[in-house]
1. Determine whether R34 is assigned to a helix (DSSP H, G or I) and in contact (Cβ under 8 Å) with a residue 24 or more places away in the chain.
2. Which of (1) within 19 Å of the chain's Cα centre (by Cα); (2) modelled with pLDDT under 95 does I88 not meet, given it meets every other one?
3. Restricting to segment 30-51, and then to whatever is within 21 Å of L99 (Cβ to Cβ) and of a type in the set (D, E, K, R), can you tell me which residue is surrounded by the most Cβ atoms within 10 Å (Cβ to Cβ)?
4. Select from segment 90-121 the residues that are more than 22 Å from I21 (Cα to Cα) and in a helix (DSSP H, G or I) and list them in ascending order.
5. Go through D71, D59 for me and flag whichever is free of Cβ contacts under 8 Å to residues at least 60 places away in the same chain, in a helix (DSSP H, G or I) and either surrounded by 13 or more Cβ atoms within 10 Å (Cβ to Cβ) or among the hydrophobic types (A, V, I, L, M, F, W, C) (or both).
6. Give segment 1-15 a look and list any residue that's surrounded by 10 or more Cβ atoms within 10 Å (Cβ to Cβ) and not polar (S, T, N, Q), or say none.
7. Please verify whether A33 is over 19 Å from the mean Cα position of the chain (by Cα) and closer than 25 Å to V105 by Cβ, treating the condition exactly as stated.
Amino acid sequence: MESESTMNEIVELATRLGRRIASDPRGQQFAAARAALEGSPADRQLLGDYEAQQRKIMDLEAGGKPIEVEDKRRLSDLYQRVVGSEVIRNLLKAQTDFLEVLQLVTQIIERESIGPDESPA
């Protein structure tokens with residue numbers, strides 16, 4: 001069947017592209033940074049605590065509830081510890097660089113498959 005053949009070809013191209021992106025220095029740096037985080041339970045816990053505190057404050061704001069001073073202090077303290085973590089800083093930098101590659105690839109795929117976006121800027 002033609003559509004199944006086309007889909008198989010698309011999947012094969014996507015697989016090859018994914019592998020090529022993984023072999024790019026930005027893909028390798030991102031993988032290494034993720035592995036470093038996985039190898040650091042303290043940094044994983046810190047990042048999880050920070051994200052949980054952010055969610056708590058966002059939920060309070062969304063619900064129109066007051067945010068206690070202690071919650072703000074805890075978020076600030078966690079933020080200072082997160083930015084002080086070399087493992088987390090390296091992960092965020094590598095993730096940003098990697099996402100730039102993915103964004104560019106996505107834009108090219110969209111442009112080539114459906115045409116340029118002609119909506120006003």
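The values are calculated or read from the model by the stated rules, or taken from the named source; none is laboratory data. Predicted, not measured: the structure shown is a model, and the values here were computed from it. Please note: Cβ atoms are built from the backbone with ideal geometry, for glycine as well, and neighbour counts cover all protein chains shown.
1. Working: assigned to a helix (DSSP H, G or I): yes; in contact (Cβ under 8 Å) with a residue 24 or more places away in the chain: yes.
So R34 fits the description; yes.
2. Failed condition: (2).
3. Within segment 30-51, the first condition is being within 21 Å of L99 (Cβ to Cβ), and the residues that meet it are 30-38, 43-44, 47-48, 50-51.
Restricting the remaining residues to those that are of a type in the set (D, E, K, R) gives 34, 38, 43-44, 51.
Details: R34: 15, E38: 11, D43: 19, R44: 14, E51: 12.
Ranking the candidates gives D43 first.
4. If we filter segment 90-121 for residues that are more than 22 Å from I21 (Cα to Cα), which is where we start, we get 114-121.
Answer for segment 90-121, where residues must be more than 22 Å from I21 (Cα to Cα) and in a helix (DSSP H, G or I): just I114.
5. Details: D59 fails: either surrounded by 13 or more Cβ atoms within 10 Å (Cβ to Cβ) or among the hydrophobic types (A, V, I, L, M, F, W, C) (or both).
Exactly one residue qualifies, and that residue is D71.
6. Pass one, segment 1-15, residues surrounded by 10 or more Cβ atoms within 10 Å (Cβ to Cβ): 6-15.
Passing the criteria: M7, E9, I10, V11, E12, L13, A14.
7. Values: over 19 Å from the mean Cα position of the chain (by Cα): no; closer than 25 Å to V105 by Cβ: yes.
Here the answer is no, as A33 does not meet what is asked.
Here's the yes/no breakdown for (1) within 22 Å of R81 (Cβ to Cβ); (2) β-branched (V, I, T):
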| site | (1), (2) |
| --- | --- |
| S3 | no, no |
| T15 | no, yes |
| I21 | no, yes |
| R34 | yes, no |
| P41 | yes, no |
| Q45 | yes, no |
